[in-house]
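Below is one structure, written out as structure tokens; the observations come after it.
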Amino acid sequence: MAASKGIATINGVFKGKDIISLNQFSQKDLMLLFSYVPEMKKIATSQTPSKLLEGTITTLLFYEPSSRTFGSFNASVKRLGGQTVDIINPQQFSSVVKGETLEDTVRVFEAYSNAIVIRHPEKGAAAIAASYCKEIPVINAGDGIGEHPTQALLDLYTLYDTFGRLDNLTGLLAGDALNSRTIHSLAAGLSLFKKTTVYILSPDILKFPKDLLVSLRKKGLKIIEITDETDIPKTCNFWYWTRVQKERFSSVKEYEKVKSQFVVTPLLMKKYANKDMILMDPLPRVKTIDTRLDRDPRSVYLRSQIRNGMYIRMALLGLVLGRL
Amino acid sequence: MAASKGIATINGVFKGKDIISLNQFSQKDLMLLFSYVPEMKKIATSQTPSKLLEGTITTLLFYEPSSRTFGSFNASVKRLGGQTVDIINPQQFSSVVKGETLEDTVRVFEAYSNAIVIRHPEKGAAAIAASYCKEIPVINAGDGIGEHPTQALLDLYTLYDTFGRLDNLTGLLAGDALNSRTIHSLAAGLSLFKKTTVYILSPDILKFPKDLLVSLRKKGLKIIEITDETDIPKTCNFWYWTRVQKERFSSVKEYEKVKSQFVVTPLLMKKYANKDMILMDPLPRVKTIDTRLDRDPRSVYLRSQIRNGMYIRMALLGLVLGRL
Amino acid sequence: MAASKGIATINGVFKGKDIISLNQFSQKDLMLLFSYVPEMKKIATSQTPSKLLEGTITTLLFYEPSSRTFGSFNASVKRLGGQTVDIINPQQFSSVVKGETLEDTVRVFEAYSNAIVIRHPEKGAAAIAASYCKEIPVINAGDGIGEHPTQALLDLYTLYDTFGRLDNLTGLLAGDALNSRTIHSLAAGLSLFKKTTVYILSPDILKFPKDLLVSLRKKGLKIIEITDETDIPKTCNFWYWTRVQKERFSSVKEYEKVKSQFVVTPLLMKKYANKDMILMDPLPRVKTIDTRLDRDPRSVYLRSQIRNGMYIRMALLGLVLGRL
């Protein structure tokens, strides 16, 4: 599938496609993918042995730590009766030590498996891997500050599953709007739908990238940038909270000034969140959400968000492997 | 299963229970568990593909090294047709690096799997993990100086399998009686049975904990503390040997003084062991048993003890997952 | 299988045998093994779920990094419906930290599994492991500068598959002829066949070992040592290229002098390679072959060589486990 690699649009056909970026998806493609989720959920929760991926091997090629994403893909494959070959930190563990290139590594695992899921610390690595892998699909499980499409897909599905729609939604994206790939991808996904508004709350130095802002507005997404929590409207259907990392700031002082504003507390929820909204977090949740909110029924980050991640990945694997 | 978590007694019902401590087991529970072992042995040795755990995923969440326990649980799941998600050193490999708490990690893997087996260097970690995991059973695979219940279960089963009973036994527990969780758990297990005597051989500074001694005696276990190998009675049905670690001693001199006494040699066996006894060791065997004894038919540490570990874990997994 | 361990010849019977060295194979044994490859290829490429190894567990006990060999064995087992227990770096991860010997480790995994594949940095480790493992077969996946028999088997099969024979071949073995275990094993394998000639191109200080040269010549293999690329005859059926490692040289200057000679370039191929030859490399390919040659149809190192590795390992596992 060399020709259609990298940035090929899905256009209704998942079989054999690489999944590198959310930009490959149209509104219709999302809905097609989502339509398989209930079946996946049924398989996962009934413990009925599924044979959907029987006889297939998926290599999980993880060049950097991520136990959640690794576990989610791993379980997704096995819930469908497939097998995995787990390669963690090949740069330490393998020939990469001796200087093997990404190309050679990918081509070796292409020969052993039916699909490759790759995680890599460098932006663009997944697309490069896909360009070398001509016979089997490659799925991007996060490439540094690049993309993490399956995270965006599960976020979008969680909204869709909760509200029954992806248009006519208002959301809050908070935290490191400059660097968070999950914020960028989620906004990009929402831009495919009509009458959607996102408020972006971030410190001044971590504002949403200008070029992305312009391009998403052009697509019709209404974006309103705010810098103070008191500007959060009570109409939000969802809050999507990400970390503000200390190391992004030039001084500790500057960091201390803003950090408390970027923690969701019961008080903040009481003041600005309505009763039907949902509170999301891509995890790991490191002081972004007060643990007292874990029992709030609106908190979905340790519940449906995680589970939807597995269902979405099951559906995606079934589709790109041509078994759905 | 929140309500029945942590220290819930088995009381004849394994399904859905967490297995955190040997204290959860009554004499009857042990016998119930043991009754499934012959079937498990048959499955494991016949290579007949079993479908008992088909459609289930068990996450092996190992926060510290233990290739034997990891391998034993891994093989146990797979012998029964189940699948594992292997997470080794999540604190290095995963989001834990970024500061994710044990709670969040456990809840994530709860969403992906049907059971979690946890190994952790800190005492109490398994019970804490279980308290967060409300929907699936958690099995303690060793939590620091806390407990390692499946080790105790396999030790007890090995005695039961050899002698046809767990009452009316006399045993020797040797080595670091102060810190060895395997000695503590085995003694606790034996205290459930009548007319059982244990001799505890240890250096003065590594004596059996006073409070545990008192409580087990109250339950009817006869405990006799000795500090010299010449006090070992020839009536022992079993010797259970553990390591005396150098770092427990305040001076090298003091360590050197006692260490030779805590190695089983052919001569020691000749002097004090009867012909029907068995020699046990929880492994790793690091200078605790002279390798010349490996071929002695009474040595079970590299034979039935290891194999029984797999059978017991198979039975336990089958029971807590409600498949037996 | 204690009695027949280590260096037991195959002699037409694979079942239960340890596979430690290419020296165990006769010409007939190679042909018997090769005869199963087409069936294995069919299973691997059709994605038909095979049940050949159903109900079996193979422990992959890797004491040193090798993602390719690990992945190849892992996929081989799973393509045939078997399961693996993956133990990577047990010296860090496991009881080996606490000082457990290779013997104890091997005997523990013997109890859990139906076969052990061992990779170890020390020469002779695989044979030692096999001598301890009395009940199940052990396969050497590379023991330092010792042997890597499955690599030699896949190399020989690749030649056989290409030319329909292993006699009457002329080949070039280039690079570190002194230390490369793959060169040694391939030459040993070829020595079983008639009218075979190998040219060995290496720097003076990395010449083929004298004793091996003598013994293989005695078996009938024609060996011609050359030190300059201009001596490569155009009649070679294959080129087999290995790395010349900088650290083998006493001075950087000496290394710089020879290194350019040990890279295959399009120009070198144009000058000395005929149109029907194949270009092989055991990988990792670290500046041994110019990447411009990757698209040359004669380059098999990232194509059939890799795939044949999986098929050969599938056949070997099926045979030693008595399922073929």
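Derivation of every value follows stated rules applied to the coordinates shown; laboratory data play no part. Keep in mind that this is a model prediction, so the values were computed, not measured. Glycine also receives a Cβ, built like all others from the backbone with ideal geometry; neighbour counts cover every protein chain displayed.
Taking other Cβ atoms within 10 Å as a rough exposure proxy, A:Ser251, C:Ser67 sort from fewest to most as A:Ser251, C:Ser67. Mean sequence separation of contacting Cα pairs (under 8 Å, at least six apart), scaled by the length of the stretch B:150-305, corresponds to a relative contact order of 23 percent. Of all lysines in the structure, the ones whose alpha carbon falls short of 18 Å from that of C:Lys259, not counting any fewer than 8 places away in one chain, are A:Lys98, C:Lys207, C:Lys246, C:Lys287. A Förster distance of 25 Å, applied to the separation of the beta-carbon atoms of B:Gln27 and B:Arg217, puts the FRET efficiency at 0.90. Cα centroids of the stretch C:52-80 and the stretch C:247-261: 37 Å apart. Neighbours of A:Thr84 by Cβ distance under 11 Å: Lys/Arg scored +1, Asp/Glu scored -1, total -1.
Nearest chain B C-beta to the B/C rotation axis, reported as residue and distance in angstrom, is B:Asp86, 4. For the options A:Ser113, A:Ser299, A:Ser215, a Gaussian network treatment of chain A with springs between C-alpha atoms closer than 10 Å singles out A:Ser215 as fluctuating the most.
When the C-alpha to C-alpha distance is required to be over 18 Å, the pairs from A:Lys194/A:Lys218; C:Lys234/C:Lys257; B:Lys28/B:Lys219; C:Lys41/C:Lys195 that qualify are C:Lys234/C:Lys257; C:Lys41/C:Lys195.
For the stretch A:110-174 versus the stretch C:212-242, the inter-centroid distance based on Cα atoms is 50 Å. Ascending distances from the A:Lys287 label point to its copies in the other chains, with the point 7 Å along the Cα-to-beta-carbon line: 4.5, 4.5 nm. Within the shell of other residues whose beta carbon sits under 12 angstrom from the beta carbon of C:Asn168, the net charge comes to +3, with Lys and Arg scored +1 and Asp and Glu -1. Available extension along the chain between C:Ile224 and C:Lys271 is 15.0 nm, counting 0.36 nm per residue and deducting the alpha carbon span.
Using C-alpha pairs under 8 Å with a sequence gap of at least 6, the mean separation divided by the residue count of the stretch A:84-243 gives a relative contact order of 18 percent. Listed peptides B:309-315, A:306-312 appear in the order B:309-315, A:306-312 once ranked by packing, highest mean of other Cβ atoms within 10 Å at the front. When the GluC sites (Glu not before Pro) in the stretch C:112-205 are filtered for DSSP coil states and for at most 14 other beta-carbon atoms within 10 Å of their beta-carbon, the remaining sites are C:Glu122, C:Glu135.
Taking the Kirkwood radius as Rh and the Cα radius of gyration as Rg, chain B has a ratio of Rg/Rh equal to 0.97. Once the Kirkwood radius over Cα pairs is known for the protein assembly as shown, the Stokes-Einstein relation at 20 °C and 1.002 mPa s delivers a diffusion coefficient of 70 µm²/s. Rg/Rh for the stretch A:150-305 stands at 0.93; both radii use Cα atoms, and Rh follows the Kirkwood definition.
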